[in-house]
Amino acid sequence: MAMDPTPRNALDQHQSLLFRLPRELRDDIYHYYSQANGYYYDSTSGTLRMDGGECIDLSLQYTCKRTAAEMKGIALGINKITFRTMVDLPRPSDQLMRSQIFGYYIDEGRGAILSRMLQWTYPLVTAETMHKLCERHPANLAVKKMRELHREGDSDGPLAGGRLWGSSEDVDTVDHNEFSAQTFVIIRDLLDIISTEPEFWHMTASDFDVNARRAFFVATKHWATRWEEFEDYLMKHVPVYISKAEQQRVLQWRPDSWSIPTNDDLEALAEFLPHDDDSHPLDMVHIRGGRRSYFSAAAVAIQFLLRLSESTRSHLRQVTILEDEHSDPESFSHARGLLPFCISNTQLKIERRVDIWRTSLIRTWGVTHCAESELTMKEIGMWVSETKALFVLGMPPGSYTLVLHGPSPLASQQICDATVRVAIWDEGCTAIAKADPLQAHYFDHMLGEGFVEAIKGVIDGDIPARFDADMGKIWDIDQLLEDKDGDWPSAMDDVFAIRNLEQPPEGWYAAHEERFGVWEHRDYIQVDWTEYMEGVEMLLKQNKVNEFD
């Protein structure tokens, strides 16, 4: 007779007091046990932790297979997970920051190659090409404006110079930023469209074949009579790269600006992207003050979500993303990396909170004249327009919200009021300039097509973005113009100036230097890296403290 191998004193699970309870009561116990004041992602350890930094207690769930099965996903479903920007430490080899190096590679490094390819092939861009480009970027106002202004074969146009747009006055939209990561995505897509033309690869041979370069310029109407003038520069100073295969690799490369690369990844990129011997990812060297670089909180969240299985991600319900520091590469478009997770889990609700003081105002403070105010408003416009674009690209309704705020309720109200005042002023400038040709100078001060509409969309609730303040109601610009006393302000500085906002406790100048420091070109400075690394160690310790403040 076979003997039962289970020890006689072992309790069957059904004899457990817990499992004698109805499933509904057990679920109440599981929820009570799992409820916490939210979880925070600790980027140093790569784990979730309790609000105060303690490890999450999962002992009940791991008691047996049955509790593990019954409690699966409960903790992730009832606790909000919060992500913050992640401090980026310098590489021991050259003291450069990974975030800055990566930003250089996906922007300047890749951009230089793509721009030259566009210079060789711009005659292939037709009206049909521009139509296809608009289809790939349906929410981008700057691309639509580029299509309107495009003239085929224009040798004096921006495309002939390897750029998408000419002056900012020609293409002045709320989402126009010639140096953003999204701009290089657009250039890549434009080249991808025309690369199907038989002449494309013959034209781009100028990048690696000096004779082809000479033939191209001699055959080009704009350059044929000027070859001798520029021959020395074009033959000796413009880099010549290796092969068509190398060009194809760069053209096919689709990096995500929200990636967090390892040092090995960066070494691979250094080999992958051709570059000049004299070029350097960061030609400026820090000499005084703070030196902080961060990966965006959205990038940190995306990296964490990618580590989870699809079944585990399906339990997530609430995520908060705190953009509490300026990050590299620029992070306006990083929420696009969240699209696949929200589409596959429509019950997931993401709130992205952007501290305008830490991400923008402190960084732009001190820019020449009133440009600091304009830069801040343009960045607010970019945050809002990018949020609007997400839903054109397929973000499920109710899945994502942007919240703009300051370090205090007063500061949040100040930046909200200032943004509304600027939008009113901008709309007034447009109305005045259109009504009276003699007042055309008001056109010079607009923040770009779409800015006013974006702010109105925030106030109306048409765009899932808001200020952490009382936003008021939509204004009547005609009534405001009729009731105004004196002239309408002609400069933004008369409407909004950073100096009138709540200052950091240490003041604007000290806050800027403490975070971004003072820099000089590496050719003119020698750095004591031993002294610098002591400061980095202090920064890392402080960052770990701040994560649980």
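The values are calculated or read from the model by the stated rules, or taken from the named source; none is laboratory data. Quick caveat: nothing in here was measured; it's all calculated off a predicted structure. Ideal geometry is used to build each Cβ from the backbone, glycine not excepted, and the neighbour counts take in all protein chains shown.
Counting only residues that are buried (at least 23 other Cβ atoms within 10 Å of the Cβ) and either among the basic types (K, R) or in a helix (DSSP H, G or I) (or both), region 391-423 holds 5 of them. Scanning region 133-146 for residues that are surrounded by 15 or more Cβ atoms within 10 Å (Cβ to Cβ) and either out of contact with any Lys or Arg (no Cβ under 9 Å at 6 or more places or on another chain) or of a type in the set (V, I, T) (or both) gives N140, L141, A142, V143, K144, K145, M146. Annotation: S43 fulfils all but one of (1) modelled with pLDDT under 85; (2) surrounded by 14 or more Cβ atoms within 10 Å (Cβ to Cβ); the unmet one is (1).
For beta carbons closer than 9 Å, sequence separation of 6+ or different chains, a first residue in region 20-37 that is of a type outside the set (K, R) and a second that is loosely packed, with under 10 Cβ neighbours inside 10 Å, the qualifying pairs are N37/G52. From T419, T430, grab the single residue that is at pLDDT below 95 and in the same structural domain as K378 (by TED's automatic domain parsing). Being at pLDDT below 95 and in the same structural domain as K378 (by TED's automatic domain parsing) holds for just one of T419, T430, which is T430. Checking each residue in region 116-139 for being modelled with pLDDT of 90 or more and outside any helix (DSSP H, G or I) picks out V125, T126, H137, P138.
Taking the options E351, E374, name whichever one is part of a helix (DSSP H, G or I) and among the acidic types (D, E). It is E374.
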